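The values are calculated or read from the model by the stated rules, or taken from the named source; none is laboratory data. Nothing here was measured: the structure is a model prediction, and the numbers come from that model. Using ideal geometry, Cβ is built from the backbone for each residue, glycine included, and neighbour counts are taken over all protein chains shown. Heavy atoms of the whole protein, side chains included, go into the accessibility calculation; ligands, DNA and RNA do not. Shrake-Rupley method; radii C 1.70, N 1.55, O 1.52, S 1.80 Å.
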Amino acid sequence: MILVLLGPPGVGKGTQAGRIALHYEVSTISTGAMFRDAITRHTDLGRIIERYRIEKGEYVPDEVVIAAVKARTAEPDCETGFLLDGFPRTIPQAGALTTMLEERGQHVSGALELKAPIPEIVGRFSGRLVCPVDGSSYHLLTQPPVQSGLCDLCHTQLVRRADDDPDIVQRRLEVYMEKTTPLIEYYRERGLLYTVDAIAEPETVFSRVMDAIGQMK
Ligand code: AMP
C-alpha cells in the first residue's frame with residue numbers, strides 16, 4: 001500500500017498517519033518531521049533546509065523535497081509500501097511521485113483527503129503539542145498525553161511547534177490553499193481520491209479512514 005495523506009495543516013494528518021502506520025504496519029514518511037529533525041541534528045539536508053524559512057510556513061523548493069523523498073523511499077522499510085504525510089504538496093511533486101513509482105513498478109493506492117472547515121482547523125492549533133523526538137502529536141483538549149506535558153511513547157517534554165504561532169498558521173493555510181489544494185483535483189481526475197470528514201474524535205476519524213482504505217483497489 002502506498003498512501004498519500006492530503007489535507008490542510010492542523011487537520012489531523014499526523015495523528016491519523018500514526019494510527020494507519022501502526023494498524024497496517026507501514027512506515028510513515030512525513031517530510032515536515034524529516035526536515036525538522038534534519039535541522040535539529042545539523043545534517044547535510046538540515047543545512048540545505050535551513051535556507052528556506054520553514055518556520056515561517058514557506059515551502060521548500062520542489063527539487064529539494066523530491067530528492068529527499070526519493071532517497072527515503074528507497075530504504076528497505078519502504079519496499080512493501082509506505083504512507084506519505086505532507087508530500088506531495090505541489091503539482092510538480094505529485095508528478096514526480098507518479099514518475100518515480102512508475103520507474104519502480106509501483107503506483108499510489110489512494111490519496112486520502114482529511115477534510116474540515118478552516119475556522120475549525122485554526123481553533124485546533126491553539127492546543128497542539130508535539131514530541132520533539134518521535135514527532136507524535138497531542139492536543140490539550142482532544143488528545144492529551146497520559147502524563148501532563150510528556151510524550152506517551154518516550155516521555156520527552158512536549159513542545160509547541162514554532163510554526164503553530166497564529167500569524168504563521170495564517171500563512172501556512174494561505175500557502176496550502178494556493179499550492180496544495182490543486183492536488184485534490186489531480187488525484188480526483190485519476191480516480192484515486194478518497195475524502196474523509198475529519199471533524200470528529202481521532203478514533204472516529206480513524207474508523208472512517210479504514211473504511212476509505214478498504215475501498216481502494
Ligand atoms: P508539516 O509538518 O507537514 O506541516 O511541514 C512543516 C513545513 O515543512 C511546511 O510548512 C513546509 O515549510 C515544509 N515542508 C514539508 N513538506 C513539504 C513539501 N512536500 N513541500 C514543500 N515544503 C514542505
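Out of all the residues in region 129-137, is one or more within 12 Å of the ligand (Cβ to nearest atom), under 15 Å from the mean Cα position of the chain (by Cα) and assigned to a helix (DSSP H, G or I)?
Here is the first cut: in region 129-137, the ones within 12 Å of the ligand (Cβ to nearest atom) are 130, 135, 137.
If we keep only those that are under 15 Å from the mean Cα position of the chain (by Cα) as well, we get 130, 135, 137.
If we keep only those that are assigned to a helix (DSSP H, G or I) too, we end up with none.
Within region 129-137 (the criterion being within 12 Å of the ligand (Cβ to nearest atom), under 15 Å from the mean Cα position of the chain (by Cα) and assigned to a helix (DSSP H, G or I)), the answer is no, since none of the residues qualifies.
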Q.
Restricting to region 182-207, and then to whatever is touching a Pro at 6+ places or on another chain (Cβ under 9 Å) and modelled with pLDDT of 95 or more, can you tell me which residue is farthest from P88 (Cα to Cα)?
A. Y186
Q: Taking V146 as meeting all but one of (1) in a loop (DSSP other than H, G, I, E, B); (2) within 16 Å of the ligand (Cβ to nearest atom); (3) open to solvent by 30 Å² or more (accessible area, probe 1.4 Å), write down the number of the exception.
A: (2)
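Go over the candidates G81, G57 one by one and state the one that is touching a residue at least 60 places away in the same chain (Cβ under 8 Å) and in contact with a Lys or Arg (Cβ under 9 Å, 6 or more places away or on another chain).
Numbers: G81 fails: in contact with a Lys or Arg (Cβ under 9 Å, 6 or more places away or on another chain).
Answer to the check: G57.
Among the residues of region 100-116, what is the count of those that are more than 14 Å from V209 (Cβ to Cβ) and of a type in the set (D, E)?
2
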Q. Out of region 1-57, which residues are more than 8 Å from the ligand (Cβ to nearest atom) and polar (S, T, N, Q)?
A. T15, Q16, S27, T28, T40, T43
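Residue check: is I168 open to solvent by less than 40 Å² (accessible area, probe 1.4 Å), in contact with a Leu (Cβ under 9 Å, 6 or more places away or on another chain) and in a helix (DSSP H, G or I)? If you could, list the steps in order and put the result at the bottom.
On the way: open to solvent by less than 40 Å² (accessible area, probe 1.4 Å): yes; in contact with a Leu (Cβ under 9 Å, 6 or more places away or on another chain): no; in a helix (DSSP H, G or I): yes.
No: the conditions fail for I168.
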